[in-house]
Every structure is written in C-alpha cells, then in structure tokens.
1. Test I204 against the stated conditions and say whether it is in a helix (DSSP H, G or I) and within 30 Å of I19 (Cα to Cα).
2. Among the candidates S205, S164, which residue alone is within 22 Å of the chain's Cα centre (by Cα) and without any contact (Cβ under 8 Å) to a residue 24 or more places away in the chain?
3. Within region 8-29, can you find the residues that are out of contact with any Asp or Glu (no Cβ under 7 Å at 6 or more places or on another chain) and under 19 Å from E200 (Cβ atoms)?
4. Restrict the check to region 234-257 and report whether at least one residue is farther than 30 Å from D9 by Cβ, aromatic (F, W, Y) and either surrounded by 11 or more Cβ atoms within 10 Å (Cβ to Cβ) or in the same structural domain as M134 (by TED's automatic domain parsing) (or both).
5. Looking only at residues that are in contact with a Ser or Thr (Cβ under 9 Å, 6 or more places away or on another chain) and in a helix (DSSP H, G or I) in region 157-201, which one is surrounded by the most Cβ atoms within 10 Å (Cβ to Cβ)?
6. Right, H140: within 30 Å of D198 (Cβ to Cβ), touching a residue at least 60 places away in the same chain (Cβ under 8 Å) and not charged (D, E, K, R) or not?
Amino acid sequence: MGIINDRKDFIGGTDAIRIMNGEWLELYQEKVGLTEPEDLSEVLAVQLGVHTEQFNLDWWVQSYSPGYAMAGTERELQFEFRYDDGYVPLKGTADMMCVDSANKSYIVEAKHTNAFTNMTDVIERYMPQIQFYMHLHNMHCEEHDYKPDGCFLSVIFGNSKWESKHIGFDPVYCANMLGKITQFWEHVIKKSPPIDRDAETPDISSITIDRKVKLDMNRDNEWMSDAHDYVDTLESAKKNESAKKRLMSHIPPDVYQMDCSLLTVNITDKRRTIKVKEQA
C-alpha cells in the first residue's frame, strides 16, 4: 500500500482514542469529508504539547535512557490490518523509537498536561493510543528483527514536574480495540453513518506499568477481611491519634509520670509512652 497522507484515509492513534470513547459519528463525518477536523493550531494546551515535545524527549533521554542507541529516523509506522471485507489502513507516528544494546526496541510517547493531573489519569486517557502505537511498532520490529519491549510514556505536568512510566503491550486489550476500529471503518467504507457508542472502558489491570501488575484482591477472603477491619477502624484510629496529642499537651516540663484510673503516661527525655490499665 502506498504512503497515506490524508487523515481521512486511515485510522491514527488519536482516532483510536475517539473510537474507544464512543465518538463515532463526529469522527465518521470527518473521515467521509462531511466536516473538517477541529483546528487545534490556536488551542494553547495542544500547542504547549507540540512545542515542548522535543524538550520532553531530550529530558527523557537525559534522565531515563543513558546508553540507548536512538533510531531517530525510523519514526513513522504504517501498516495494514486486514479484515474480511478489505482492510483498515492504520498509521501512527511514534514520538521516538530507540533500540538498546540487547536489540530491544522501545517507543516513547511524550505528553504535556496540567499540574493537577496524576500519572494514572494520563495512562488511562491515552491507553488506546499507546496500545495502538505498540501494535504498529510490534509489526515494525518483526520486519526489522528487533525485540519489541513496550512504550515509555514521558509526561510533563505543568512546568515543574516530570514523570515517565513503562507501559506493557496487552494483546487482549489491543484485539478488543482493533475489533472496534474495524466496526467503525466498515461504516466509513459503506458510507453508513454510525451512532455514538458508550465510552469503552476495558479492564487495564492486566497491563504492566513499569513491568509490574495490578492485582484484583476482591476474591481473596483473608485480604478482604483485613481490608474491612482497616476501613472500619480508620475513623477510630484518627480519634485515637487526636486524643493522644491532646493528652500529651497536658504534660508539664517537670514530671516523669502522669497517672489516672484509666492509663499511665511515662515520660523520659527521649520518648513518651501510654499504658492502658486493665479495667475490672
């Protein structure tokens, strides 16, 4: 297949986000030429991401990837995903691809967001795009005999915080997403307007973050029992800590012990301890 340059002619990473978010009708109208995509050239938040992208990547290289060989010329990924009635043209541009000394290949996705967002929210928001790019990258690696090893998400929060996380590829998540993309593209091919869908919120707990997994402990009876105990005693623990501070505020400088029928407070130069008395 030849080079695709018109965004109407392919599905890209941001399209994957919109498809998973259920924004089918608006995206369909853009793909068939009924409407123009939103002009983002004067959207400050978007342009901040564009203009800080190179700095973001440089910071990632400096902070996270000493010794990696940068394959900076191999940035555009374009492959076909086939289905029964034809094919869905997929195209994505990784912000950066790198290859380490073990021939493992990574992609890096740079984002700039506000200072009040946390990394978990950013990962969830961009997961469709990240998995989409990794799908293309995996095929690229197969062609070039690299070992694909996921994506680094490099995020600048506001103007004073930076964080990076490694995101693992999830074939189950990706298969579900590609199925939705295929369904959407059938509407484009057939010029059949779709209706908007509910936002797709697939389980991402199996996706590794910094090569670690999230565990669902709902079926672990011992864990759940301990969790209930923790939650049930949380308020009483707060009251206990507050009462302890109030007790300690009564201690004058010239005593070693304060005593009553309920408890004893022992005071030394280094510590203060409370011993509760057994009640008859």
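The values are calculated or read from the model by the stated rules, or taken from the named source; none is laboratory data. Since we're looking at a predicted model, the values are computed, not measured. Glycine gets a Cβ as well: all are built from the backbone with ideal geometry, and neighbour counts include every protein chain shown.
1. Spelling it out, it is not the case that I204 is in a helix (DSSP H, G or I) and within 30 Å of I19 (Cα to Cα).
2. S205
3. I11, G12, G13, T14, D15, A16, I17, R18, I19, N21, E26, Y28
4. No, region 234-257 has no match at all.
5. Y173
6. So H140 does not fit the description; no.
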